[in-house]
Amino acid sequence: MLAYGGNDGYQAPNAMWYMARPAELFKSIARINEEGRWSISTRTSNTDTYYTGAVLALVWIMEFVLICLPAIGIALTRATHPFIESENKWAVKEPGNSALHFGKELKAHKKQLKRNPEIIFDVPPIPVNGTTHDYCAVDFYHSSDYSENYITIKSMTYNNSSKLYVPSVLANNVKVDKEFLFRLHQYCSVEPPFDASEFEPVVEEVQEEQEVPAVEEEQEVEEVAE
């Protein structure tokens, strides 16, 4: 079994001692490397063998891999998502935005998208279900009340060999407001995942603007008929 310390192994001071004397940590590491710290004993033998040098270094490397690498991997994965400071938690990725797709010509505006996401509305939305053509997609992340929102715009290129789409980020974590998200969903004819009642006057104004030309047209037709 693996045993720590022993009569011959180096007995390191506790953590509080090192906090008061940080420079002593490196001296202790050097002594552990020379004298050993971990030992392996068996049921048939009471003799402990303390491992030093290369074997001890291998143990340390294995501990680093087991403890640090998973933590680093999780941190890197999360680091690509925006963090909501007011809520002290990571933004939620909206799962129901699979229909926010646009033509591949959006790639031509890559340099401007970060500064001006309104360019999206210059490119028509397209359906992509069951097709294999290239397109652009919009993912968005939000706070719990949608007061803080971010969009990531990706180019999706179809790979004929793997039969899969390969994503490439055009603009990452662009901050937008709730009204922008509402217009984006309206533009793509998709129901927004939040209460949009506060934007109803905007919708009515748009409808009225569309109705006015139609009324004027009818009046012109009547005048011509007379």
The residue that is surrounded by the most Cβ atoms within 10 Å (Cβ to Cβ), considering only those in region 150-194 that are closer than 19 Å to Ile84 by Cβ and among the charged types (D, E, K, R), is Lys178
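Looking only at region 127-177, how many residues end up being part of a strand (DSSP E or B), charged (D, E, K, R) and closer than 17 Å to Lys104 by Cα? Before the answer, list the steps.
As a first pass, look at region 127-177 and keep what is part of a strand (DSSP E or B): 135-142, 149-159, 164-176.
Next, only the ones that are charged (D, E, K, R) stay: 139, 154, 175.
Remaining after also requiring closer than 17 Å to Lys104 by Cα: 139, 154.
Adding up the residues that qualify gives 2.
Out of the residues in region 91-111 meeting the condition of being within 16 Å of Asn173 (Cβ to Cβ) and either of a type in the set (S, T, N, Q) or outside any loop (DSSP other than H, G, I, E, B) (or both), tell me which one is modelled with the highest pLDDT. So that I can check it myself, show each step before the final result.
Applying the first criterion (within 16 Å of Asn173 (Cβ to Cβ)) to region 91-111 yields 91-94, 97, 100, 110.
From the residues that got through so far, the ones that are either of a type in the set (S, T, N, Q) or outside any loop (DSSP other than H, G, I, E, B) (or both) too are 92-93, 97, 110.
Details: Val92: 89, Lys93: 87, Asn97: 53, Lys110: 92.
So, considering only residues that are within 16 Å of Asn173 (Cβ to Cβ) and either of a type in the set (S, T, N, Q) or outside any loop (DSSP other than H, G, I, E, B) (or both), the one modelled with the highest pLDDT is Lys110.
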Residue check for Ser86: modelled with pLDDT of 80 or more and either in the same structural domain as Ile151 (by TED's automatic domain parsing) or not β-branched (Val, Ile, Thr) (or both):
yes
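The values are calculated or read from the model by the stated rules, or taken from the named source; none is laboratory data. On a predicted model such as this, the values are computed, not experimentally measured, just so you know. Positions of Cβ are backbone-derived with ideal geometry, glycine not excepted, and every protein chain shown enters the neighbour counts.
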